[in-house]
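Have a look at the structure below before the remarks.
The values are calculated or read from the model by the stated rules, or taken from the named source; none is laboratory data. Please read all numbers here as calculations on a predicted model, not as lab measurements. When we count neighbours, we look across all protein chains shown, and the Cβ atoms used for this are built from the backbone with ideal geometry, even at glycine. Keep in mind that these areas ignore ligands, DNA and RNA; they rest on the heavy atoms of the full protein, side chains included. Shrake-Rupley method; radii C 1.70, N 1.55, O 1.52, S 1.80 Å.
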Amino acid sequence: MFRFAVSVASAALVLGACSSESVTSGKSGAKATNDVSTSDMSAKDVTFADLGPDTWPDIAMADVVPDVLPDVAAADAPLDAAPDIAAADSSALPAWLSGTWRECTGTLTFTAKNTFSWTSAWEDCSASGTVTLHDGLCDLAVDATSTGCTSPPPSWMRKDLQVTATSDQLTFVNPALFQGLKRLVRTGVRESWDIVGSLGGAGTLHLCFDAAGTFYDGRWRSDQCSLLACGANVSQVLVVGSETHIWTQCVGGCPCAAILVAKQKTADAMSGVYNGASCDAVEKGTFTGKLGKFPGDP
């Protein structure tokens, strides 16, 4: 299981809350969406022992099995005391929240009229709604979606979210979120990689890094469900010696976990090996990746 410590600067404002990022569907035969899996567990249970020792890194089982969402303990996420915003003026948004925030499923924009809009990075889809600060918490309520949406809005758009804010990073905190957190940034780098497997499968990898170059969010998607999973969250990106390790995982009816190890990586290309398992498949092979343009970015 992956655990993420929330690193918040001492000047951070802890200002209430907004919650949950559901995990994307595994390779279940259903088309992947940005959120939950609706497939049933139909095949054998899969363990990491099935993945083979030839390319799987030496990492403890506790670090990689995504069966339980981690606790967001105080030791993991040190937060400053939150100001009292229970009596905040609900007719306008504070400056720390207003403006545009980016994450790996799309772009979120708050306006001064207590409204927000979100544009998907995966399809011609948008959503709009209202944001309300109350009792030290934040509610995001979706009122409408565009005709281009083939799946529901991201599940982190919900009520009762705690918010941690710095000048460049916004973090929604709630135990129901994937790993208990949802991060967004004002500035940073968003990468889109077209991945092709040695057995002919293909998918797209979105990786997002903040202004300091630290990984904060990521998604995997295979529209034809031909490689690793129809959809998954990227749990972490780690540089290990000369290699880059990219972990993906999903929960739901057909849980999945995988790792792509880029043994060679340049600014616009990478290649290496992958291992993955879901409720109905175990996969391993080699892959190549080519950097593309992240949808909506300049």
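Select, from Lys284, Lys263, the only residue that is within 17 Å of Leu199 (Cα to Cα) and not acidic (Asp, Glu).
Numbers: Lys263 fails: within 17 Å of Leu199 (Cα to Cα).
Result of the check over Lys284, Lys263: Lys284.
Among the criteria (1) open to solvent by 50 Å² or more (accessible area, probe 1.4 Å); (2) over 21 Å from Ala211 (Cα atoms), the one Gly129 does not fulfil is (1).
A Cβ distance below 7 Å, combined with a sequence gap of six or more or placement on separate chains, defines the contacts here; from segment 96-112, residues that are hydrophobic (A, V, I, L, M, F, W, C) reach residues that are open to solvent by 50 Å² or more (accessible area, probe 1.4 Å) in the pairs Trp96/Leu13; Trp101/Arg186. Does Thr187 meet the test of being over 20 Å from Ala258 (Cα atoms) and surrounded by fewer than 23 Cβ atoms within 10 Å (Cβ to Cβ)? The answer is yes for Thr187.
Residues in segment 192-217 that are in contact (Cβ under 8 Å) with a residue 12 or more places away in the chain, open to solvent by 30 Å² or more (accessible area, probe 1.4 Å) and more than 27 Å from Leu140 (Cα to Cα): how many? Spell out the reasoning first.
Here is the first cut: in segment 192-217, the residues in contact (Cβ under 8 Å) with a residue 12 or more places away in the chain are 192-211, 213, 215-217.
Applying the additional criterion that residues be open to solvent by 30 Å² or more (accessible area, probe 1.4 Å) yields 194, 196, 198-200, 202, 204, 209, 211, 213.
Next cut, more than 27 Å from Leu140 (Cα to Cα) only: 194, 196, 198-200, 202, 204, 213.
Count: 8.
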